[in-house]
Structure formats: structure tokens, C-alpha cells
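> Next up is a structure, given as C-alpha cells.
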Amino acid sequence: MKNDWLQPLIDQMYAKHLPHNAGEVASYIPELGKANPNDFGISLATADGQIFEAGDSTRPFTIQSISKPFTYGMAIELHGHAKVSARVGVEPSGDVFNSIQLEKDSHRPFNPMINAGAITVSALLYEHYGDEALEQLLARFSAAAGHPLSVDEAVYQSEKRTGHRNRAIAHLLLNFGMVEEKVEQALDLYFKQCSILVNTRDLAVMGATLSNLGKNPFTGVDVYDIDRVKDMLSIMFTCGLYDYSGEWAYKVGVPAKSGVSGGVMSVVNRQLGFATYSPRLDARGNSCRGIEVCVDLANELGLHVFDCMNMGSSYLKAML
Ligand code: DON
């Protein structure tokens, strides 16, 4: 049943937050600095296959760190929990996304949402798939989005050319045996996965796929096993917004992942995927306007996992 109250609410959210212009567009990857700072898109996709959108919801941008939970799910599927957790932890780091810090005794990256952890995960994918890793990764991301996705060559080249810090992290991981020898190939895969083009509609559908026990609600395709979805959502809940994750859990209270190009993807278990795009970032690399919209929408709809209106993931569903 198509509901008639959610679209006006999304329109209202868009209009209310449109004037918000705090933050700076990321420029440490030079190509990202070309983004229009005023772009603003919102998409919400429900677990029963409805879409509600406003603004620049089809404007393409690169997925960046929002790729990280999706590759983490794939790595566990391929290698199992024991091997993956020997290489990357599940603890919030309380540190910046590109921190060079590793866990004290184990030398593992703290979690797969920060760059060190995500590079380790890309190395695990490369270890299994070799040169077919990008193809496999693109196929899985495309199944989650419901149509074929591709890499933005200019952003990929730009990040590859300037990603010295990630290269340093990767070699540190090689030094401690967290990644195997083909470290340049693993890094290349990481740079390419970050450069996959999406829009807020894609991210909302990818989020809705996670909310719908791993099945894309629009195509009916099973994309992730439910146990992997649990792994992915858990790590998004505790680590998805880097050193803002605690405050996010407090204020928004749903699993989410941000990316440095300005996207934020949130998942309300069994209910919906929600995505925003606004490239002006705060000092932690999260979209300023995106966070504001998410806080507002979570309050408005009672989406927080501990909100009294969120009755076992069934409040919104009952109204759709
Ligand atoms: O490795 C990097 O720096 C980027 N490709 C991804 C970082 C990112 O998206 C951080 N998110 N806010």
C-alpha cells in the first residue's frame, strides 16, 4: 500500500535543511574538491519497495567509505569470522578515519570502518579473488543497488596519485602481517571501491537491502546472507561515523555509514534505508547537513532503536 504522508515529510525535511551551509568540501583527494557544495539530495527506500525522494537524489558522487560495510560482509562470507577477526577488530577507535594507529598487542586495525581496517578487508578480497576482485565487488554492490554500478576513473586516479597516507597504512599493515604481500593490488582495489559512483537513490536501496534481511526489496535478489547483514549492521552501529559514532548512536540511534564525498547511508532494521548527499563536511569527515537531516528524521519518525515509538522495528511498518 502506497502511503501518502512520507513524501510530504521528506519534502519538508529538504526545504527545512536546504539553507544549511556549514562545513567544507573535502579536497585532500583533489578530484573531490570539484563537487558543488550546494548539492543536496535525500532518498528513503522502504523494505517493502517504495521510494521517497527530494532534491538532487540522482546526482552521482563516489561512494567512498560507505563501501566499507559492504566489503566487510563479503570478506566474512569468503574467509569466515576467525580469519577476518585475526586481521581486523570490531572496537570503535575513537580516532580519525585515516588514523595510523593499530591495536597495541594484536597490531590489528581497530575496526573495518576506518581506512586501516578497510584496506585490510580489501586485501582479504584480493587474496581470494585476485584480479577478479573488482568485478566481484561491483557485481555485489550493483545487486544491492538494483542496477549496474561503475568506477569514476577521474576520482580513482586522483586518489591513487595522492593516497600517500593510505599507502603508508597499507605498508604498516604489511609489516605486521595483517595484509599479504600483494599490498599494491589491495590498495588499488581499495581506491577503486571508494570511487564507485552512486546517488542517494542507490544508497537508500542498498540500505533497504540490508534492512530487508539482505534481499533487495525492488528486485527480489538475495544479496547478503542474514548473518552477514547482522555483522555489517553491528559494525555500522558502533563504528560507522568514526569518532562521532557515540554521539550518532545517542542522537540518531541507527546503523549508518558516512563517506568523505558527502554521502550518509542509514539503515532502520526491517523498515528502511535512508540516504543523504551534501558534500560540505565537518572536521571528522562527516556531512554536516546530512547529519542534521538524519537527527531530525530520526526524531520525527521515532527511528532510534531505543525510542519509545520504535516498537520492535514495527512502528513505521505498521503505518506504511
Ligand atoms: O581512503 C580515503 O581517504 C577515502 N577513499 C575514503 C575516506 C572516507 O570516505 C572517510 N569518510 N568520511
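> Across region 67-194, how many lysine pairs, 8 or more apart or on two chains, come within less than 20 Å at their alpha-carbon atoms?
Lysine pairs meeting the criterion: 9.
> Would you calculate a helix-derived [θ] at 222 nm for the chain, using -39,500 (n - 2.57) for each DSSP H run of n ≥ 4 and dividing by the full residue count, to the nearest 500?
Mean residue ellipticity, 222 nm, calculated: -14000 deg cm²/dmol.
> When the accessible area of region 245-314 is split by element with a 1.4 Å probe, what percent falls to carbon and sulfur?
Here it works out to 55 percent.
> Could you tell me what percent of the accessible area of region 67-194 is made up of carbon and sulfur, with a 1.4 Å probe and every protein chain present?
Carbon and sulfur atoms account for 51 percent of the accessible area of region 67-194.
> Separate question: Beta carbons within 10 angstrom, averaged per residue: use that to sort the peptides 60-69, 94-103, highest first.
Result, highest mean first: 60-69, 94-103.
> Please calculate how many Å² of accessible area the chain carries per residue, with a 1.4 Å probe and no DNA, RNA or ligand atoms counted.
Result: 39 Å² of accessible area for each residue.
> Normalising by the residue count of the chain, find the relative contact order in percent from Cα pairs under 8 Å and 6+ residues apart.
Averaging sequence separation for qualifying contacts and normalising by length gives 26 percent for the chain.
> What number in nm² do you get for region 67-194 if you take the convex hull of its Cα atoms and divide its surface by four?
7.4
> Rank-order 203-213, 249-259, 157-167 by packing density, defined as the average count of other C-beta atoms within 10 Å over each peptide's residues, highest first.
Taking the mean over residues of other Cβ atoms within 10 Å, the ranking is 203-213, 249-259, 157-167.
> Now, a different point. Using 0.36 nm per residue of separation minus the Cα-Cα distance, give me the extension gain between ARG59 and HIS171 in nm, one decimal.
Residue separation times 0.36 nm, minus the Cα-Cα distance, leaves 36.8 nm.
> Region 246-261 to region 166-227: how many Å between their Cα centroids?
Computed from Cα coordinates, the inter-centre distance equals 18 Å.
> Could you calculate the FRET efficiency of ILE226 with GLU153 from 1/(1 + (r/R0)^6), where r is the beta carbon distance between them and R0 is 41 Å, rounded to 0.05?
0.70
> For the pair PHE306 and GLU184, how long in nm is the line joining their label points, each one 7 Å along Cα→Cβ?
Computed distance between label sites PHE306 and GLU184 equals 4.9 nm.
> Treating cross-link reach as a plain straight distance, find the aspartates and glutamates whose alpha-carbon is under 20 Å from the alpha-carbon of LYS230, omitting any fewer than eight places away in the same chain.
Hits, sequence-local ones excluded: ASP48, GLU77, GLU91, ASP222.
> What's the Kirkwood radius of the chain in Å, using all Cα pairs?
Evaluated over the chain, this radius sits at 19.2 Å.
> Can you run the Rg to Rh ratio on region 175-320? Use alpha carbon positions and the Kirkwood inverse-distance Rh.
1.00
The values are calculated or read from the model by the stated rules, or taken from the named source; none is laboratory data. For clarity, every value in this text was computed on a predicted model and none was experimentally measured. FYI the Cβ positions are ideal-geometry reconstructions off the backbone, even for glycines, and counts take in every protein chain you see. Note: accessible area is taken over every heavy atom of the protein model, side chains too, but ligands, DNA and RNA are not part of it. Shrake-Rupley method; radii C 1.70, N 1.55, O 1.52, S 1.80 Å.
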